Amino acid sequence: MPDLIVIGGGIHGVGVAQAAAAAGYSVLVLEQTAVAHGTSSRSSKLIHGGLRYLETGQFALVRKTLRERSLLLRNAPELVKLTPFHIPVYRETRRRPWQIRAGLSLYGLLTGLRRDALHRKIPRSRWGQLDGLETRHLQAVYQYWDAQTDDAALTRAVMHSARQLGAELACPAQFVSATPSTRGMSAAWEQDGKSVEQTCRVLINAAGPWVNMVNRRIDSQARPLAIDLVQGAHIVIDARLTQGIYYTEAVSDRRAIFTIPGFGHWHGKTLVGTTETLYRGDPEQVQPLAAEINYLQSNLRHYFPQLPHRVEDAFAGLRVLPQQTGSAFKRPRDTILVSDDNNQPRHISIYGGKLTSYRAEAQRVMRLAKHNLPDRRPRADTRFLPLPPVDN
Ligand SMILES: Cc1cc2nc3c(=O)[nH]c(=O)nc-3n(C[C@H](O)[C@H](O)[C@H](O)COP(=O)(O)OP(=O)(O)OC[C@H]3O[C@@H](n4cnc5c(N)ncnc54)[C@H](O)[C@@H]3O)c2cc1C
């Protein structure tokens, strides 16, 4: 009997598997399709503190993600790369230069005294080198440092690290139901056309946008969180940016749009994203909408008139956000854990979160789960585990 069964092979599921195995526990991950099949292959692929979260006062989140960013830069140097980010300020940009400078100074302070904490203003004489960035009405360009990754490759690397510590993966294996048992939870799933059932002490629901579909199949005292699924699309362009990432304001609604030189699997392409569209269907069916593609393409055309604009490909992922009225843009991006019993949890669900902070959140899940787990001898500390790339 494994100590833990984790439903979902996205970054949170594999992160929990790594943390559990490192802490000496036996753990089995159930993934219905393929590791990183869900949101963890459809993000903006940024490993960042989230500069814009400073505006909504989410300082603790920014500090935590910046700390995780530095661990990832050290542990996964082939998969996570420090990249210059550029913020152009035009006459019509909502945020004024002083606001950008204040935000970047605070971001630098939260990063610490390192090279990646520095920001600077790009001299006007160098604007011509910025990948064809529109210079009409341009007042200033600020550069700071954050990081980018190949999200699916990072997720596979974390799963590989977990397996090296003894974690098991069942894939494809579709979770079907769970009921309480005397010692924990009894989980049932479909694998190779057969029904399989096993008992574990703690069942972790890391099913991302499927989280409440999975919770409906678990007989538990935990009260599912009311959520919205908010779709975010990216377009892929056959163009190569050489100077880094551009962080612009969308022309129509002033939301943040990133223009990103592809990394890893996306090398040689440019990604532009993202959008925020409320989604009500089956997570499996999420697709970029024509309106989202037009919105991203027209922003690309506006800021980079010389780049090719033909959309080669597009993809969409789903954010899991607490249900609220108002703009998705301003909602908290913290990871929320819900359990049936905080003193003796048998069932823990992970809601929301960031790719960047998966390790810290996995540690938080384990601190909670340990209330219902026996003492085991730890095998490793996830802060120091190398994450080399692995094959598909
Ligand atoms: C548009 C967009 C851009 C983003 N950009 C960034 C970014 O730049 N940086 C950042 O840090 N974060 C970013 N995020 C957030 C980040 O991508 C997500 O928080 C993270 O990928 C979620 O991972 P997850 O493991 O929770 O879910 P998922 O990756 O969706 O994994 C859930 C898994 O559960 C599996 N599953 C579901 N049901 C079952 C079942 N019954 N049985 C077995 N398996 C099942 C699915 O197949 C899936 O693989 C972005 C999110 C979006 C939507």
(request) Could you check how many residues of the stretch 144-189 are surrounded by 19 or more Cβ atoms within 10 Å (Cβ to Cβ), within 30 Å of HIS48 (Cβ to Cβ) and either in contact with a Ser or Thr (Cβ under 8 Å, 6 or more places away or on another chain) or not aromatic (Phe, Trp, Tyr) (or both)? (result) 21
(request) Test ARG183 against the stated conditions and say whether it is assigned by TED's automatic domain parsing to the domain that holds THR33, over 30 Å from LYS81 (Cβ atoms) and at pLDDT 95 or above. (result) no
(request) Evaluate the following for GLY50: is it more than 15 Å from the ligand (Cβ to nearest atom) and either hydrophobic (A, V, I, L, M, F, W, C) or under 30 Å from TYR247 (Cα atoms) (or both)? (result) no
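Yes or no, residue by residue, for (1) touching a residue at least 12 places away in the same chain (Cβ under 8 Å); (2) in contact with a His (Cβ under 7 Å, 6 or more places away or on another chain); (3) within 15 Å of the ligand (Cβ to nearest atom):
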{"position": "GLU168", "(1), (2), (3)": "yes, no, yes"}
{"position": "CYS171", "(1), (2), (3)": "yes, no, yes"}
{"position": "PHE175", "(1), (2), (3)": "yes, no, yes"}
{"position": "SER181", "(1), (2), (3)": "yes, no, no"}
{"position": "ALA188", "(1), (2), (3)": "yes, no, yes"}
{"position": "ARG216", "(1), (2), (3)": "no, no, yes"}
{"position": "GLN231", "(1), (2), (3)": "yes, no, yes"}
{"position": "HIS234", "(1), (2), (3)": "yes, no, yes"}
(message) I'd like the full set of residues that are surrounded by 15 or more Cβ atoms within 10 Å (Cβ to Cβ) and in a loop (DSSP other than H, G, I, E, B), limited to the stretch 90-118.
(response) THR93, ARG95
(request) May I ask you to list the residues in the stretch 49-89 that are modelled with pLDDT under 95 and assigned to a loop (DSSP other than H, G, I, E, B)? (result) GLY49, GLY50, GLU55, THR56, GLY57, GLN58
(request) Could you please give the count of residues in the stretch 340-363 that are near the ligand (Cβ under 9 Å from one of its atoms) and among the hydrophobic types (A, V, I, L, M, F, W, C)? (result) 2
(request) State which residue is farthest from ARG136 (Cα to Cα) when the search covers only the stretch 61-94 and only residues that are touching a strand residue (DSSP E or B) at 6+ places or on another chain (Cβ under 6 Å) and hydrophobic (A, V, I, L, M, F, W, C). (result) LEU72
(message) So, restricting to strands (runs of 3 or more DSSP E) that lie completely within the stretch 167-241, which ones have at least 2 residues that are closer than 30 Å to PHE304 by Cβ?
(response) 227-237
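The values are calculated or read from the model by the stated rules, or taken from the named source; none is laboratory data. Bear in mind that the values here come from a model prediction, so they are computed numbers and not experimental data. As a convention, Cβ positions derive from the backbone with ideal geometry for all residues, glycine included, and neighbour counts pool all protein chains shown.
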